[in-house]
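Novice: This is the structure I have questions about; it appears just below.
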Amino acid sequence: MENDRFEIAGRAFRSRLIVGTGKYRSFAEMARALEASGTEIVTVAVRRVNLSDKSKESLLDYIDRSKYFILPNTAGCYSADDAVRTARLAREVGLSNWIKLEVIGDEKTLFPNNFELVKATEILVREGFVVLPYTNDDLISARRLVDAGAAAVMPLGAPIGSGLGLQNPANIRILREMITSVPLILDAGVGTASDATIAMELGADGVLMNTGIAAAEDPVLMAEAMRHAVIAGRQACLAGRMPKKLYATASSPLEGVVR
């Protein structure tokens, strides 16, 4: 597994777990959770970060940029124009030219607006951004995003922050089979370690999560659990599970047994 690298847009990472920075009880707790998770990519909501007043505390003060790759996200944007402006701001202040692109279409469910998402992806790719769009688990939308130049496809497993786990595993399997030119990263809905493992067993290249760690009773311990869960799921996927059978098969061969 040492050589099993996770690659996005030509950049290789060892960890396949991407972790968000919101909803922690304190910045210090967030920093401990990031360390325990083993992640190398950390998402930061551009609109929720203090980028102007250097005299005030910021979560960026708690992220070691020599250790973590910052992936800005456009959380809170409801149109392509708004998301594009937010991405440009992230690049201008030196965060990154990579962007986790979110364009929300419904305030209650936080489901993505895929029409605006494709539009924003096309604009940002033309401007030299590496775009990782958060989308629903729909094959047609995923294909349009790939055609628009997305560097990865990030389907939801369940609504953001719900912790429901994968609601449509068949859709993830279909996406894995049909989307092969870019990484497939499960984004949203993970509530516990088994959810992350299942996503990886289904063939996801990586898992992105925030609330599943930050809202746990012990976020640092949960971050460590998620680290192991992603590794276990990846190993199981590569190993190939045994076929499912309706009836029992003896674990010990019966040939040569004296009766």
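The values are calculated or read from the model by the stated rules, or taken from the named source; none is laboratory data. All of these numbers come straight from a predicted model, not from anything done at the bench. Neighbour counts run over all protein chains shown; Cβ positions are idealised from the backbone, glycine included. SASA here: full protein model, heavy atoms, side chains in, ligands and nucleic acids out. Shrake-Rupley method; radii C 1.70, N 1.55, O 1.52, S 1.80 Å.
Novice: In the Gaussian network model of the chain, springs joining C-alpha atoms below 10 Å, which of Ala87, Ala196, Ala170 carries the largest mean-square fluctuation?
Specialist: Maximum among the listed residues: Ala170.
Novice: With a 1.4 Å probe and all protein chains left in place, how much accessible area per residue does the range 57-186 have, in Å²?
Specialist: Details: 5740 Å² over 130 residues.
Normalised by residue count, the accessible surface of the range 57-186 is 44 Å².
Novice: A further question follows. Which is the longest run of the chain containing none of the chymotrypsin sites (Phe, Trp or Tyr not before Pro) found in DSSP loop states (not H, G, I, E, B) with at most 16 other C-beta atoms within 10 Å?
Specialist: 79-246
Novice: Applying 1/(1 + (r/R0)^6) with R0 = 22 Å to the Cβ-Cβ distance of His228 and Arg143, what FRET efficiency is obtained, to the nearest 0.05?
Specialist: Numbers: r = 33 Å, r/R0 = 1.51.
The value I calculate is 0.10.
Novice: Have a look at the chain and give its Rg and Dmax from the Cα atoms, expressed in angstrom.
Specialist: For the chain, the Cα radius of gyration and maximum Cα-Cα distance read 19.6, 83 Å.
Novice: Label points 7 Å out from Cα along the Cβ direction at Arg47 and Ser66: separation in nm?
Specialist: 3.5
Novice: Can you compute the FRET efficiency between Ala239 and Ala9 using 1/(1 + (r/R0)^6), with r the Cβ-Cβ distance and R0 = 30 Å? Round to the nearest 0.05.
Specialist: 0.60
Novice: Then there's this: I'd like the Karplus ³J(HN,Hα) series for the range 189-197: coefficients 6.51, -1.76, 1.60, θ = phi - 60°, whole numbers in Hz, and an x wherever there's a Gly or Pro.
Specialist: 3J(HN,Hα) across the range 189-197, in whole Hz: x, 5, x, 8, 4, 5, 4, 5, 4.
Novice: Out of Ala204, Ala248, Ala216, any idea which swings most in a Gaussian network model of the chain, alpha carbons joined below 10 Å?
Specialist: Highest fluctuation among the options: Ala248.
Novice: How much of the DSSP bridge set in the chain is antiparallel, in percent, rounded to the nearest 5?
Specialist: Roughly 15 percent of the beta bridges in the chain run antiparallel, per DSSP.
Novice: Right, here's the next one. Going 7 Å from the Cα of Lys23 in the Cα-to-Cβ direction, what parts of the range 215-236 have a backbone nitrogen less than 20 Å from that spot?
Specialist: So the set is 215-230.
Novice: Using modelled amide H (1.01 Å from N, peptide plane; none on Pro or chain starts), what sits under 5 Å from the amide H of Asn73, excluding residues fewer than 5 places away?
Specialist: Amide H neighbours of Asn73, under 5 Å, 5+ apart: Val44, Ala45, Val46, Lys100.
Novice: Suppose we flag GluC sites (Glu not before Pro) only when DSSP calls them loop and at most 15 other Cβ atoms lie within 10 Å. Which is the longest uninterrupted stretch of the chain?
Specialist: The segment 128-216 is the longest one with no such site.
Novice: A further question follows. At most 14 other Cβ atoms within 10 Å and a DSSP loop assignment: could you name the trypsin sites (Lys or Arg not before Pro) in the range 87-186 that fit?
Specialist: Those that pass, being in a loop and sparsely packed, are Lys108.
Novice: Using alpha carbons only, how many angstrom separate the centre of the range 23-42 from the centre of the range 176-213?
Specialist: With the range 23-42 and the range 176-213 each reduced to a Cα centre, they are spaced 19 Å.
Novice: As a check on your grasp of the helix formula, calculate [θ] at 222 nm for the chain: sum -39500 (n - 2.57) over DSSP H runs of n ≥ 4, divide by the residue count, round to the nearest 500. Before the final figure, lay out the partial values.
Specialist: Numbers: 8 runs with 90 residues, N = 259.
After summing the helix terms and dividing by the residues of the chain, the value is -10500 deg cm²/dmol.
Novice: Another question, if that's okay. May I ask for the percentage of alpha-carbon pairs in the range 114-259 that lie more than 29 Å from each other? Present the calculation step by step, with values, prior to reporting the outcome.
Specialist: Numbers: 2989 of 10585 pairs.
That tail contains 28 percent of the Cα-Cα pairs.
Novice: Right, next: Going by a ≥ b ≥ c, the root eigenvalues of the Cα gyration tensor, does the range 84-126 fall in the rounded group (a/c under 1.5), the prolate group (a/b larger than b/c) or the oblate group?
Specialist: Judged from the Cα gyration tensor, the range 84-126 comes out oblate (a/c at least 1.5, b/c at or above a/b).
Novice: Report, to the nearest whole %, how much of the accessible area of the range 115-259 belongs to carbon and sulfur atoms, 1.4 Å probe, protein only.
Specialist: 55
Novice: Using the Kirkwood radius over C-alpha pairs as Rh, can you work out the diffusion coefficient of the range 6-152 via Stokes-Einstein at 37 °C, viscosity 0.692 mPa s, in µm² per second?
Specialist: 208
Novice: Right, next: Give the average over all directions of the projected area of the C-alpha convex hull of the range 129-204, one decimal, in nm².
Specialist: Computing the convex hull of the Cα atoms and averaging its projections yields 4.6 nm².
Novice: Same structure again: For Ser79 and Lys108, what does the FRET efficiency come to when R0 = 25 Å and r is the distance between their Cβ atoms, rounded to the nearest 0.05?
Specialist: My answer for the efficiency is 0.90.
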